[in-house]
1. So how do 209-216, 52-59 stack up, highest first, on mean other-Cβ count within 10 Å?
2. Take the Cα atoms of the chain, build their convex hull, and give its volume per residue in Å³.
3. Dipole magnitude of the chain about its Cα centre, charges +1 at Lys/Arg Cβ and -1 at Asp/Glu Cβ only, in debye to the nearest 20?
4. Using a 1.4 Å probe and counting only protein heavy atoms, arrange 250, 239 so the residue with the most accessible area comes first.
5. Using the crude model of +1 on Lys and Arg Cβ and -1 on Asp and Glu Cβ, and no other charge, please compute the dipole size for the range 189-253 relative to its Cα centre, in debye to 20.
6. Keeping every protein chain in place, order 12, 42 by accessible area at 1.4 Å, biggest value first, i.e. largest first.
7. Any idea what angle helix 102-112 forms with the longest principal axis of the chain, computed on alpha-carbon atoms, 0 to 90 degrees, nearest 10?
8. Note down the net charge around residue 60, summing +1 for each Lys or Arg and -1 for each Asp or Glu among other residues with Cβ under 12 Å from its Cβ.
Amino acid sequence: MLGQQDFDLVLELAERFRAIPSRGPRRLPALQGRLVATLFFEPSTRTRSSFELAARRLSADVASFAPASSALVKGESLLDTALTYAAMGAELLVVRHSGSGIPAALAQDLAAMGHKVAVLNAGDGLHSHPSQALLDLFTLARHFAPRQPTIQALAGRTVAIVGDILHSRVARSNLWALSAAGATIHLCGPSSLLPGCFADFLAAMPPGCDRDPVPRRGEIRLFRNLDDALTDVDAIITLRLQKERAQRHLIPNLEDYHRAYGITHGRMERCRAGAPVLHPGPVNRDVELSSQLLADPQRCLVNRQVSHGIPVRMALLYLLATTL
């Protein structure tokens with residue numbers, strides 16, 4: 001878990017990488033001759049592609065793992081898969097898995113076996129999605145303070161997170177990141193997707209920590225009514241609703257969900273002037289966000305999130321590589 005100075009270091013590096021001209025040579029020699037392996041045991045478009053682009057822009061070699069055509073179908077264990085890439089010379093493993101804690105367990109097992117391999121969590125179960133929270137933080141910081149995007153740009157601001165909080169690793173990581181920046185967080189959703197226990201989320205210790213590296217965090221407030229949750233907020237993060245939630249009767253249906261929790265231009269009138277909306281993607285149009293709002297680049301920052309994913313992940317790969 002990062003402290004406030006660590007967050008600022010990532011954001012500072014991301015801003016430097018973002019500022020590299022889009023034309024002409026775009027590769028930096030920072031990771032030249034080093035191998036990055038992307039081990040994605042779950043489907044992904046944005047996260048996987050941006051990690052691989054980030055690695056290549058740092059001049060790393062990239063090995064892309066495809067579970068369906070790998071030895072996993074023959075019974076190979078996840079650890080043996082990781083060891084295979086380590087034996088090939090991979091120094092950085094970017095791991096996404098449906099099981100919570102898998103990247104951390106892999107890192108511990110590899111270290112115990114004497115392998116100098118860094119493992120970066122690209123999303124694990126319902127547990128966390130650190131790089132997504134960092135790119136969301138960077139996107140918000142650049143929105144509020146484009147000349148100096150630091151976490152101080154979020155201090156004292158209020159951010160609403162709307163939707164399926166219960167099943168969202170993005171929401172959990174954003175709670176740690178936004179609260180570290182000193183933001184107040186409004187969580188909003190139906191009780192089936194936002195249990196009351198989330199009010200005490202920050203009372204637990206951050207993942208992997210025996211003490212909280214952030215001396216004073218922002219607070220969490222829970223709302224069931226969207227209009228109340230959006231009143232005077234500075235920004236909104238809305239989350240993808242998995243359509244099977246309706247089939248499991250966690251929500252009545254998608255149309256009712258959109259009426260109650262969908263973000264539209266009209267709904268955003270309750271926010272502070274110029275408040276943006278973010279979404280980690282993929283978006284269900286006219287469920288979490290109206291199509292009109294999704295097409296509004298002044299209020300919807302989804303495309304900026306995608307583009308910011310590359311420099312943020314460049315920063316993470318570079319920082320991890322320097323620890324080896």
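The values are calculated or read from the model by the stated rules, or taken from the named source; none is laboratory data. Just so we're clear, the structure is a prediction, and the values are computed from it rather than from any experiment. Don't worry about glycine lacking a Cβ; one is built from the backbone with ideal geometry, like all the others, and counts go over all protein chains shown. These area figures cover heavy atoms from the full protein model, side chains too; ligands, DNA and RNA do not enter into them. Shrake-Rupley method; radii C 1.70, N 1.55, O 1.52, S 1.80 Å.
1. So the order, starting with the most tightly packed, is 52-59, 209-216.
2. Each residue corresponds to 139 Å³ of Cα convex hull volume.
3. For this selection, approximately 800 debye.
4. 250, 239
5. About 300 debye.
6. Per-residue accessible area, sorted high to low, gives 12, 42.
7. Relative to the chain, helix 102-112 is tipped by roughly 30 degrees.
8. +2
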